[in-house]
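Peer 1: Once you've had a glance at the structure underneath, I'll fire off some questions.
The values are calculated or read from the model by the stated rules, or taken from the named source; none is laboratory data. Small disclaimer: the values here were computed from a predicted structure and weren't measured. Note that we place each Cβ from the backbone using ideal geometry, even for glycine, and neighbour counts take in every protein chain shown.
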Amino acid sequence: MTVSLLAILGLEYRYPGQIVALRDLNLTIERGRKLALLGANGSGKTTLLLHLNGTFQPTGGAALLDGQPARYDRRSLNHWRRRVGLVLQEPDDQLFAATVEQDVSFGPLNLGLSEAETRTRVREALEALRIAPLAVRATHTLSFGQKKRVAIAGVLAMRPELLVLDEPTAGLDAHGVTHLLSALQRLHDAGTTLVFSTHDAELAYSWADQVAVLHEGTVLAQGETTAVLENRDLLSRARLKPPLLLELAQALGVQQNGADPPSRSREVLLALLRARLRGADLQIPDR
Amino acid sequence: MQAIDHHAWTNRWRDWHPAEKLLPAGSLLILTLILPPLSSGPLVLGSMAWATVRGAGVPARALLNVLAAPAAFLVAGVPFLAVSVHFADGLGLYWSPDGLRLALDTTVRALAAVSCLAFLTLTTPLTDLIALLRRLGIPAGLIELILLVYRLIFVFAERALTGRRAQTARLGYVRFDRSLRSVGGLASNLFQRALHQARRMEIGLAARGYTGELRVLGSERALSWPRLMMGMTLVALIGLMGEWLARGLS
């Protein structure tokens, strides 16, 4: 059995004032996966993410890094945050420097890298997100989508093994989402493990290879994307809707096996649907 | 403020090394303060306005807007220098020749000095000035403070603006008493958000290995000696001409 990169065991977290935010929570993050934390508003997604890089210390249970219980002293935390990069939902919470280049250089310089090496890292990170032309722009003149990409570049420049993103697509337009997902896909192809939170079952279905469903501060289920999202009872308990593409695939009787079945792409499903309509000799009348 | 920042980031001289702008402008400022203002002041004002508008390509309107605020203070304050009060035979106000001269000197000197600062702020992004301050050995804590304030001003200005719009949409400013209430609400809301923002920014920075020092890359721009020498030559010429004119006038 391989040791998972990061595991959460029986986690409980109480905010000061004794409000229980997370309880009995188990989560396993395996190397090389794309894991979606799917949950409705207020289900505890952000609180959970803040445990993944040691920002919050559990009030019960534990986080395991490479199978070892995580420690929360300054040195261990520094080491932890080198390996696990966290991107907050709101880019303005993260960007502090006046120019893009300066902001992205912050992490690498904190790693103790030389100025020359830092410049290389900054350039690489900006190129990975296709925003190299923004390097000398003032942070406050960027659009929301651009800020979001800069925030990710700032974490990426530290070359984390695991990249954790809080609602990465929230607030982005369709083009922005496509752009962002293809950038993340390139990172994933290069070997970065990805964890992201979302309330969008469509996104989880079309893009993640594993899904964990959160509800009222606990993980109801974690597993392969299709297997989890096929479970209608589970989704309705978590106040989520099954993804339309999955329902369409089911209605068309498409097999759902494999980690990345062709039925997840809307192009394939639409082509199938058209063929089926022609076969049944159904015609949608022109108006 | 946003307009100033916009011009600072987009003018033709934005990419110059900040010292090429700071040294001539700073020297002119000092000249203005030590030379007789009536001769050197107009020269300084003229050359700085020329550099800002013709050189860096900042619209003249933007320069006038920046100069307008201090000019308003001058209009409000200077007349009192020109008049004197006598109690000899009853209370009387008189124009005094010395006072008039003082008022004129003050106006010219102040406008000339402000034009130097206006040139600097309109042509140099604050980040460049901060980098320069850092090199001059200003304590890191102070510089980080400037940096964060500069960044957060825009975040909060945006929020204040949106908040005000939302209040206005619900008729928050329909009467004076409602306006007071709305402004109070907005202020306390911004205060609360500022605290939350600070907490979240701390989390974001910690995630990137923040250990108490905001270190970022400096700019790579090289100082152009010819440009700096040209600037300083202009300063010397203005100084000499000012001095020569002053002798001619007196």
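Peer 1: Looking at B:L102, is it away from chain A (no Cβ under 14 Å), closer than 30 Å to B:F154 by Cβ and either surrounded by fewer than 19 Cβ atoms within 10 Å (Cβ to Cβ) or modelled with pLDDT of 90 or more (or both)?
Peer 2: no
Peer 1: Between a residue in segment B:43-62 that is under 21 Å from B:L31 (Cα atoms) and touching a residue at least 24 places away in the same chain (Cβ under 8 Å) and any residue that is hydroxyl-bearing (S, T, Y) and in a helix (DSSP H, G or I), which pairs come within a Cβ distance under 7 Å, given they are 6 or more apart or on different chains?
Peer 2: So the pair list comes out as B:V44/B:T32; B:V44/B:S115; B:L45/B:S115; B:M48/B:S115; B:A49/B:S115; B:T52/B:T123.
Peer 1: Output yes when any residue across segment B:157-164 is surrounded by 13 or more Cβ atoms within 10 Å (Cβ to Cβ), within 11 Å of chain A (Cβ to nearest Cβ), at negative phi and of a type in the set (G, A, S), and no when none is.
Peer 2: Scanning segment B:157-164, I find at least one residue that is surrounded by 13 or more Cβ atoms within 10 Å (Cβ to Cβ), within 11 Å of chain A (Cβ to nearest Cβ), at negative phi and of a type in the set (G, A, S), so the answer is yes.
Peer 1: Quick check on my filter: what residues within segment B:181-229 are at the interface with another protein chain (Cβ under 10 Å from one of its Cβ atoms) and part of a helix (DSSP H, G or I)?
Peer 2: Once the filter is applied, which keeps residues that are at the interface with another protein chain (Cβ under 10 Å from one of its Cβ atoms) and part of a helix (DSSP H, G or I), segment B:181-229 yields B:H196, B:Q197, B:A198, B:R199, B:R200, B:M201, B:E202, B:I203, B:G204, B:L205, B:A206, B:A207.
Peer 1: Among the residues in segment B:167-177, are any of a type in the set (G, A, S), without any contact (Cβ under 8 Å) to a residue 12 or more places away in the chain and not in a loop (DSSP other than H, G, I, E, B)?
Peer 2: Checked against the condition, which is being of a type in the set (G, A, S), without any contact (Cβ under 8 Å) to a residue 12 or more places away in the chain and not in a loop (DSSP other than H, G, I, E, B), segment B:167-177 yields at least one hit.
Peer 1: State yes or no: is A:V150 assigned by TED's automatic domain parsing to the domain that holds A:K45, more than 26 Å from B:A3 (Cα to Cα) and buried (at least 21 other Cβ atoms within 10 Å of the Cβ)?
Peer 2: no
Peer 1: Now for a separate question. Which condition number does A:E267 fail, the rest of (1) in a loop (DSSP other than H, G, I, E, B); (2) free of Cβ contacts under 8 Å to residues at least 12 places away in the same chain; (3) not β-branched (V, I, T) being met?
Peer 2: (1)
Peer 1: Something else about it: When you go through A:Q102, A:Q89 one by one, which is the residue that is within 14 Å of chain B (Cβ to nearest Cβ), assigned to a loop (DSSP other than H, G, I, E, B) and not small (G, A, S)?
Peer 2: The match here is A:Q89.
Peer 1: Working only within segment B:198-248, note down all residues that are β-branched (V, I, T), exposed (fewer than 13 other Cβ atoms within 10 Å of the Cβ) and under 30 Å from B:T52 (Cα atoms).
Peer 2: If the condition is that a residue be β-branched (V, I, T), exposed (fewer than 13 other Cβ atoms within 10 Å of the Cβ) and under 30 Å from B:T52 (Cα atoms), then B:T233 is the only one that fits.
Peer 1: Another question about this same structure. Taking segment A:131-155 on its own, how many of its residues are within 14 Å of another protein chain (Cβ to nearest Cβ) and part of a loop (DSSP other than H, G, I, E, B)?
Peer 2: 5
Peer 1: Output the residue which, of all residues in segment B:123-156 that are of a type in the set (G, A, S) and part of a helix (DSSP H, G or I), is surrounded by the fewest Cβ atoms within 10 Å (Cβ to Cβ).
Peer 2: B:G141
Peer 1: Inspect all residues belonging to segment B:8-15 and state whether any of them is within 14 Å of chain A (Cβ to nearest Cβ) and aliphatic (A, V, I, L, M).
Peer 2: There is at least one residue in segment B:8-15 that is within 14 Å of chain A (Cβ to nearest Cβ) and aliphatic (A, V, I, L, M).
Peer 1: Before we move on, is A:G39 over 26 Å from A:G145 (Cα atoms) and either acidic (D, E) or away from chain B (no Cβ under 14 Å) (or both)?
Peer 2: Judged against the criteria, A:G39 is not a match.
Peer 1: Same structure, new question: Would you confirm whether any residue within segment B:202-222 is farther than 30 Å from A:P108 by Cα and touching a Ser or Thr at 6+ places or on another chain (Cβ under 8 Å)?
Peer 2: Checked segment B:202-222: no residue is farther than 30 Å from A:P108 by Cα and touching a Ser or Thr at 6+ places or on another chain (Cβ under 8 Å).
Peer 1: Here is a follow-up. Taking segment A:49-75, which residues are within 14 Å of another protein chain (Cβ to nearest Cβ) and in contact (Cβ under 8 Å) with a residue 12 or more places away in the chain?
Peer 2: Once the filter is applied, which keeps residues that are within 14 Å of another protein chain (Cβ to nearest Cβ) and in contact (Cβ under 8 Å) with a residue 12 or more places away in the chain, segment A:49-75 yields A:L49, A:L50, A:H51, A:L52, A:N53, A:G54, A:T55, A:F56, A:Q57, A:Y72.
Peer 1: Tell me the helices (runs of 4 or more DSSP H) entirely within segment B:1-118 that contain at least 1 residues that are among the basic types (K, R).
Peer 2: B:18-34, B:60-77
Peer 1: Does any residue of segment A:156-170 turn out to be assigned to a helix (DSSP H, G or I), modelled with pLDDT under 95 and buried (at least 16 other Cβ atoms within 10 Å of the Cβ)?
Peer 2: yes
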